[in-house]
Amino acid sequence: MKIAVDVTPILPEGECGGATQLVLELLRGLGNKATSDKFILLTAYYNDEIFKQFDALGMRRICVIHDSSLKVPFSFGIVLTRFRGLLISISKSGITALRRFPFCRGAFNRLKRMFIPHNQMNFLGSNEISVLFCPMTAPSYHEVGIPTVSILYDLQHLYYPSFFSHQVLAARNNFYGELVKKADHIICISSFTRKTAIEKLNLPADKISVIPVCVHSRMSVPSSALIRSILAKFNLNGEKYCLYPANLWPHKNHGMLLTAFNMFTKRYPDHNLHLVLTGAELARYGIVENAVRQMGLADRVHFLGYLNEEELSAVWRGSLFLIFPSLFEGFGIPLVEAMRYRKPIIASNVTSIPEVAGDAAIYFDPKKPDEMVQSLRKITNDESLRRRLVAKGKKQLRHYNFDHMIDKYIRVIHQTGNGSR
């Protein structure tokens, strides 16, 4: 089977959050296991180098967005905008709307050169593609007659519209309308996401599969010497710290976390607990940095920015526990990473989080800082509780198997491509 994989929305330096890790691991798994299939990766000028590594697995790259003179995000008929870190390209068919306006004709020609390879409107058909796989959701290169499979991460904008501008909300609503119309099958990353897709998008249940995210095995277990070296680099050697790996998006709830952590340090000064934040800085870094300074927490809160996997592994190993105060998650990859590194978890009691972490976490209401403070107190005071949570996490981790995940993706893609779904 010949499978086109649209990876054009992937941005460098972790700006797409955990979705990037999932896509990279999926490609590795598919390349190693689906050896009878041929894969064509649809890339962009800003990420083509990221996917060069898959040449060794026999995957062919075609750069379909190649005009670097127009920078993303870009908006004009096609909407390119970042939401939840995902770069959205809403349907190349939308370009045709530009023809209605005389002043847009020049832009139409330019956009067509950017987004339609070799000016072919039937690009997939001309390349004999059997199925289009959209791991970043957007069915941007959908063609009638060619089955399309998309991954759906979450519908956060329908629950927290205030986190988005009017333009982004309109783009999201348009985008998901395209998804409903064009995707032949949708893979959700959790049962929670599947439930919301059925309720909010009126999707038929038999059109949706659930395949959990199992990418934790990509993370190495570094040597003690390497851990010490990396922690020294970040001035963390000898510090007792909790970890929150999350990009600075509003739903990640950094403001409430800092409020609770400030309360904790004032009530329990003898604990000397530190807080380590990692993730792409994005536009909100100044807000978070200013809040830390105003609260007098500059010596207790460490923002490390985007880390490579070796650095992140070392920071995980040095941590005491994971704190995960997110307001909304389609899955929550750090929860599974914490289990892999044998770290206890305190986390929000909302959305997909209890589904993913099971009984391997202490839960709190993410909108109530006092509950967060009490969870911090419990886990820092009780070593036996931490050991019990780690043991439960080890059992919960059995639900997340990489090979099983890849097998399920292959089955869904093949069944959809063969028209059996």
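Each residue in the stretch 350-373 was checked for being assigned to a helix (DSSP H, G or I), free of Cβ contacts under 8 Å to residues at least 40 places away in the same chain and over 20 Å from Gln156 (Cα atoms), and 1 of them qualify. The C-beta contact set for the stretch 374-398 (first residue on the phi < 0 side of the Ramachandran plot, second residue β-branched (Val, Ile, Thr) and in a helix (DSSP H, G or I), distance under 8 angstrom, 6+ apart or interchain) comprises Leu385/Ile379; Arg386/Ile379; Leu389/Ile379; Leu397/Val336. All of (1) over 16 Å from Ile346 (Cβ atoms); (2) in contact with a helix residue (DSSP H, G or I) (Cβ under 7 Å, 6 or more places away or on another chain); (3) not hydroxyl-bearing (Ser, Thr, Tyr) hold for Leu335 with one exception: (1).
Screening the stretch 1-109 for strands (runs of 3 or more DSSP E) wholly inside it with 2 or more residues that are at pLDDT 50 or above returns the ranges 2-6, 38-44, 60-65. Specify the residue that is nearest to the chain's Cα centre (by Cα); the eligible residues are those in the stretch 283-330 that are surrounded by fewer than 16 Cβ atoms within 10 Å (Cβ to Cβ) and aliphatic (A, V, I, L, M). It comes out as Ala283. Of the set (1) in contact (Cβ under 8 Å) with a residue 40 or more places away in the chain; (2) outside the structural domain of Leu132 (by TED's automatic domain parsing), all apply to Ile413 but (2).
When the residues of the stretch 268-281 are filtered to those that are crowded, with 16+ Cβ neighbours inside 10 Å and not β-branched (Val, Ile, Thr), which remaining residue is modelled with the lowest pLDDT?
Within the stretch 268-281, the first condition is being crowded, with 16+ Cβ neighbours inside 10 Å, and the residues that meet it are 273-281.
In the following step, the residues that additionally are not β-branched (Val, Ile, Thr) were identified as 273-275, 277, 279-281.
Working: Leu273: 96, His274: 97, Leu275: 97, Leu277: 96, Gly279: 88, Ala280: 78, Glu281: 68.
Applying the filter and picking the extreme gives Glu281.
Yes/no matrix, rows are residues, columns are (1) out of contact with any strand residue (DSSP E or B) (no Cβ under 6 Å at 6 or more places or on another chain); (2) in contact (Cβ under 8 Å) with a residue 24 or more places away in the chain; (3) of a type outside the set (A, V, I, L, M):
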residue	(1), (2), (3)
His271	yes, yes, yes
Ala291	yes, yes, no
His302	no, yes, yes
Leu312	yes, yes, no
Leu322	no, yes, no
Pro325	no, yes, yes
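Of the candidates Ile345, Ile353, the single residue that is closer than 17 Å to Tyr241 by Cβ and either in contact with a helix residue (DSSP H, G or I) (Cβ under 8 Å, 6 or more places away or on another chain) or crowded, with 21+ Cβ neighbours inside 10 Å (or both) is Ile345. Among the residues making up the stretch 376-385, a single one is touching a strand residue (DSSP E or B) at 6+ places or on another chain (Cβ under 9 Å), surrounded by fewer than 20 Cβ atoms within 10 Å (Cβ to Cβ) and of a type outside the set (A, V, I, L, M): Lys378.
No other residue among Ile187, Ile198, Ile227 is crowded, with 22+ Cβ neighbours inside 10 Å and either in a helix (DSSP H, G or I) or not assigned by TED's automatic domain parsing to the domain that holds Leu320 (or both) apart from Ile187. Checking each residue of the stretch 358-373 against the condition of being within 30 Å of Val210 (Cα to Cα) and within 18 Å of the chain's Cα centre (by Cα) gives no match. Taken over the stretch 207-224, the criterion of being more than 21 Å from Glu25 (Cα to Cα), in a helix (DSSP H, G or I) and at pLDDT below 95 is satisfied by Ser224 alone. Evaluating Val215 against the criteria (1) closer than 28 Å to Arg377 by Cβ; (2) crowded, with 16+ Cβ neighbours inside 10 Å leaves one unmet condition, (1).
The values are calculated or read from the model by the stated rules, or taken from the named source; none is laboratory data. Everything numeric here is computed off the predicted structure, so don't read it as measured data. Note that each Cβ is placed from the backbone with ideal geometry, even for glycine, and that neighbours are counted across all protein chains shown.
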